[in-house]
Amino acid sequence: MTYREALRETLRQEMQRDEDVFLIGEEIGVFEGSYKITAGLLAEFGEKRVRDTPIAEEGFVGAAVGAAMLGLRPVVEIMTINFSLLALDQIVNHAAKIYGMFGGQTSVPMVIRTPGGGGQQLGATHSQNIELYYAFVPGLKVVAPSTPADARALLRAAIEDDDPVLFLENLALYNTKGEVPDDLPPAEIGKAAVTREGADITLIGYSRMATIATQVAERLAESGIRAEVVDLRSLRPLDRETIVASVRKTGCAVVAEDDWLTYGIGAEVAATISDGAFDYLDAPVRRVAAAEVPLPYAKSLEQAALPSAESLHTAALETLAAVGRRR
């Protein structure tokens, strides 16, 4: 099924399983969602559990925080991660901190689903990857599935988790397809996946760039280069053990991300490698990221600013050439 279908079916299954799960957000009911993730759910579950809201992110995210504190399990849809900035106070100062500030007397079991990413010609204020804002905050969990199967497994885990979870979706992934077993269990939040075994170089990515890393690994294999691919899946908590173990095996690493290079997720991953695998490195860690500009609207400029399979492939070859492994 597609990534989009995996999300929809998981929401349906979780709402059937637990009557405390409800959906809230802009245009998710009558309009069936801007990206049709919630298509059919209003007709099936009714207005009490599929709640359309005004264009007021701070208001409906705050309402969800209160509902979660009282025992419900809201799944919030924010139309795009760019609009989550309007609810930053509710997410960072309330959802993330209530459990600690209340001494564990109440938790906030809520999920915030929100898509992001460029490549759709939506302009600079609708195409950002600002997951770092949330991965930076203790008290939040942040996940970013790259495949339909992971979308299902991680969404199940997020809904069943007692902590607030930011569930990040890249617009470019919605129509991608993959096998999704009916009996797929919830994923372990905080656990990366080695999606391709290799011994020559480690390619590390998440969300869209994890799928790009797999494509690049397949291309490298045509030249006899065995690339290992690590899909982070979770940005907070970050699975440092899997990252370090892979780089200790291969001795080389390239980190790919859709956000900006400076202060990005890749910087944290590179620091993790330096801390845990420095003596195993045969070359400096390379990073591939978006150009540090507001994303242009013009298609040619937008594509030039985004990281690509070609830029990741080039970085991998240059890293291997530096240590004499390029074939």
Taking the Cα atoms only, what angle lies between the long axis of helix 208-221 and the longest principal axis of the chain, rounded to 10 degrees?
30
Where is the GNM fluctuation largest for the chain (alpha-carbon springs, 10 angstrom cutoff): PRO307, PRO54, PRO145?
PRO54
Taking every C-alpha to C-alpha distance in region 197-327 and binning by 10 Å from 0, the per-bin percentages run 13, 47, 32, 8, 0
Roughly speaking, what is the stretch gain from THR106 to ASN93, that is 0.36 nm per residue apart minus the C-alpha to C-alpha distance, in nm to one decimal?
3.2 nm
If every alpha-carbon in region 25-178 counts as one equal scatterer, what log10 I(q)/I(0) does Debye give at q = 0.16, 0.19, 0.21 1/Å?
-0.89, -1.28, -1.54
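So which trypsin sites (Lys or Arg not before Pro) in region 136-234 pass both tests, a DSSP loop state and at most 15 other Cβ atoms within 10 Å of the Cβ? Each step should come with its number before you reach the end.
Values: sites: LYS141, ARG152, ARG156, LYS177, LYS191, ARG196, ARG208, ARG219, ARG226, ARG233; in loops: LYS191, ARG226, ARG233.
Loop-located and lightly packed - LYS191, ARG226.
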Projected onto the charge dipole of the chain (unit charges on the beta-carbon of Lys, Arg, Asp and Glu, signs +1, +1, -1, -1), the Cα from GLY29, ALA193, ALA67 with the largest positive-side position is that of ALA193
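From the C-alpha coordinates alone, can you work out the Kirkwood hydrodynamic radius of region 94-195, in Å? Mind dumping the intermediate values first?
Numbers: mean 1/r = 0.0671 Å⁻¹.
About 14.9 Å, per the Kirkwood formula over Cα pairs.
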Any idea of HIS94's accessible area? Nearest 10 Å², probe 1.4 Å.
70
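Assign unit charges at the C-beta atoms only (+1 for Lys and Arg, -1 for Asp and Glu), then state the dipole size of region 188-293 relative to its Cα centre in Debye, rounded to the nearest 20. Write out the running numbers ahead of the final one.
Details: 12 positive and 17 negative charges, 19 e Å.
Roughly 100 debye for region 188-293.
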Flagged as over-length at 27 Å C-alpha distance, from LYS36/LYS191; LYS177/LYS299; LYS97/LYS191; LYS36/LYS177, the pairs are LYS36/LYS191
Could you calculate, for the chain, the ratio of the Cα radius of gyration to the Kirkwood radius, expressed as Rg to Rh?
0.98
Return one number: the angle in degrees, 0 to 90 and rounded to the nearest 10, between the long axis of the Cα atoms of helix 240-250 and the longest principal axis of the Cα atoms of the chain.
20
Using the crude model of +1 on Lys and Arg Cβ and -1 on Asp and Glu Cβ, and no other charge, please compute the dipole size for region 285-327 relative to its Cα centre, in debye to 20.
300
Out of ALA256, ALA151, ALA39, any idea which swings most in a Gaussian network model of the chain, alpha carbons joined below 10 Å?
ALA39
Out of the trypsin sites (Lys or Arg not before Pro) in region 1-100, which ones are loop residues according to DSSP with at most 12 other C-beta atoms within 10 Å?
LYS48
Relative contact order (percent, whole number), region 217-276, Cα cutoff 8 Å, 6+ residue spacing:
27
Per the helix-only model, the chain has a calculated mean residue ellipticity at 222 nm (DSSP H runs of ≥4, -39500 (n - 2.57) each, divided over all residues, rounded to the nearest 500) of -10500 deg cm²/dmol
Residues in region 248-268 near a label at ALA199, defined as backbone nitrogen under 20 Å from the 7 Å Cα→Cβ point?
248-254
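Which whole-number percent gives the relative contact order of the chain, counting Cα pairs below 8 Å spaced six or more residues apart?
Details: 718 pairs, mean separation 49.4, N = 327.
Computed value for the chain: 15 percent relative contact order.
Quick check: residue separation of ASP18 and GLN215 times 0.36 nm, minus the Cα distance between them. What number comes out in nm? Display every interim value, and only then the final one.
Values: separation 197, 0.36 × 197 = 70.92 nm, distance 3.80 nm.
Computed gain between ASP18 and GLN215 is 67.1 nm.
The values are calculated or read from the model by the stated rules, or taken from the named source; none is laboratory data. Being a predicted model, the structure only gives us computed values, none of them experimental. When we count neighbours, we look across all protein chains shown, and the Cβ atoms used for this are built from the backbone with ideal geometry, even at glycine. When the accessible area is computed, the model is the full protein with side chains, heavy atoms only, and any ligands, DNA or RNA have been set aside. Shrake-Rupley method; radii C 1.70, N 1.55, O 1.52, S 1.80 Å.
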